[in-house]
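Notes for the one structure printed next.
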Amino acid sequence: MTKRALVLGATAAAVTAVTITGAGIHLNKGQAFFRDSPKELVDEVWQVIDRNYVDATFNQVDWKAIRSQYLNRNYKDKEEAYKSIREMLKRLGDPYTRFMDPTEFRNMQIDTSGELTGVGIQLAADEKTKKLTVISPIEGSPASAAGIAAKDIITKIDGKSTEGMDVNKAVTLIRGPVNTQVKLTVQRGTQQLEFNLKRAKIEIHPVRASVQQSPTGKVGYIRLVQFSANAAPEMRAAIQKLEKDNVTGYILDLRSNPGGLLYASVDIARMWIQEGGIVSTVDRKGISDKEDANRRALTDKPLVVLVDGGSASASEILSGAIQDNKRGTIVGTKTFGKGLVQSVRSLGDGSGMAVTIAKYLTPNGRDINKHGIDPDVVVELNEQQRQALVRDRDKIGTTSDPQYVKALQVLNQAVSAKQGTRAQTKN
């Protein structure tokens, strides 16, 4: 498993297909053996956890006793083995370490630079309540258009209760052929809402950039919705174009960005940060792999980063690096709080698994897992404001967006201060 295949998504599963670059299915010569021997598959999963899992105590579970328990069972088919594997992994108490049957694993490998099939929901099991919780809808998706929002709890899928339901099971129920319907029942605070969604193919370009006018000149506004395989090249092209447009500063919008690939967050951080640390990863042996800036930043102009509770994982690496290096100002609300890294690997029968192998720390050594990044400037949205933006996504990044308005105000102050410093230097 290469470093470029490490995953930082906030989701236990996605109801769209997700690419894990470099983690393709590589079946070995023992493929047929694994198909005929479900018990060997159970042991393969156990071995992967035993060698790589981030917590050497395995959530205070006797992992060797677990092996004996599950290998002493007889499995009549692979479906029974799959059920036991999921049951075994639940003992770790980690929603991000999960098993995927061959269909789920293939779904996870659809190229993110192409079309995604689904309703566009990033989904996870809440660590405390275990309820199926929406991390964020993907912009332009059926879920986003219908008004499903981050933190919504999915209580029913086509009338079937999700109480105690495995995330992978929920994903299987929600996915389906394009143009077919799925009904989701959602709990939002005290409200119970129903959404009839039509499944679709969703083309995702993770970067959207534009030039905005401000009192101090032109501002580059960049919205990054996902750290997918093509996020870094699209970000590079956006910054280079905005530099040619002579913008005076930048607003980087990471709101509702659930994360993605580790290397994408590092590559993008290097475009903004000239020197200093970006992130370090620490496995259970305490080995730290540190990533630093490479003195190849594309701009040194003032920067404001917008975040919210849907900004997770790779978004938190990027905003944490910018904050710790004092490269820009973080505006919005506290981020999601996922400081864990997964690797995704194939198994002998064509199934796969994601394993939490490390935690990450910001350049100043902060562990943000279950806490998140605290903004430098807090701007909360009330329910009315949030719903207005949900109903009309075109208002995001405009004067109808209170968090953007504050970000623009903070950026203008930084631009004015920089212009004033330059004027004094010339005098």
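Before moving on, here are some points about what is shown:
- In the stretch 167-191, the residues that are in a strand (DSSP E or B) reach residues that are of a type in the set (Lys, Arg) with C-beta atoms within less than 6 angstrom, at least six apart or across chains, in these pairs: Gln181/Lys198; Thr185/Lys156.
- Single unsatisfied condition, Arg393 versus (1) closer than 17 Å to Arg255 by Cα; (2) surrounded by 14 or more Cβ atoms within 10 Å (Cβ to Cβ): (2)
- Within the stretch 133-166, being free of Cβ contacts under 8 Å to residues at least 12 places away in the same chain and part of a strand (DSSP E or B) holds for one residue alone: Ser161.
- Any chance Arg236 is in contact with a helix residue (DSSP H, G or I) (Cβ under 9 Å, 6 or more places away or on another chain), outside the structural domain of Ile135 (by TED's automatic domain parsing) and exposed (fewer than 14 other Cβ atoms within 10 Å of the Cβ): no
- Test: residue in the stretch 407-423 that is of a type in the set (Ser, Thr, Tyr) and touching a Gly at 6+ places or on another chain (Cβ under 6 Å): no
- Arg175, sole failed condition from (1) modelled with pLDDT of 95 or more; (2) under 19 Å from Val134 (Cβ atoms): (1)
- In the stretch 68-85, the count of residues that are modelled with pLDDT of 90 or more, in contact with a strand residue (DSSP E or B) (Cβ under 7 Å, 6 or more places away or on another chain) and within 30 Å of Ile204 (Cα to Cα) is zero.
- Neighbours by Cβ (under 8 Å, 6+ apart or cross-chain): first from the stretch 77-103, assigned to a strand (DSSP E or B); second aromatic (Phe, Trp, Tyr): Phe99/Tyr82
- Considering each residue of the stretch 249-266 in turn, none proves to be assigned to a helix (DSSP H, G or I) and loosely packed, with under 15 Cβ neighbours inside 10 Å.
- For beta carbons closer than 6 Å, sequence separation of 6+ or different chains, a first residue in the stretch 199-217 that is under 16 Å from Pro302 (Cα atoms) and in the same structural domain as Val410 (by TED's automatic domain parsing) and a second that is modelled with pLDDT of 85 or more and charged (D, E, K, R), the qualifying pairs are Val211/Lys218; Val211/Asp245.
- Sole residue being of a type in the set (S, T, N, Q), closer than 30 Å to Val178 by Cβ and either modelled with pLDDT under 50 or assigned to a loop (DSSP other than H, G, I, E, B) (or both), chosen from Thr21, Thr57: Thr21
- Cross-chain or 6+ apart pairs with Cβ under 9 Å, the stretch 248-276 first and outside the structural domain of Val307 (by TED's automatic domain parsing), then assigned to a loop (DSSP other than H, G, I, E, B) and hydroxyl-bearing (Ser, Thr, Tyr): none
The values are calculated or read from the model by the stated rules, or taken from the named source; none is laboratory data. Since the structure is predicted, the reported quantities are computational estimates derived from the model, not experimental observations. When we count neighbours, we look across all protein chains shown, and the Cβ atoms used for this are built from the backbone with ideal geometry, even at glycine.
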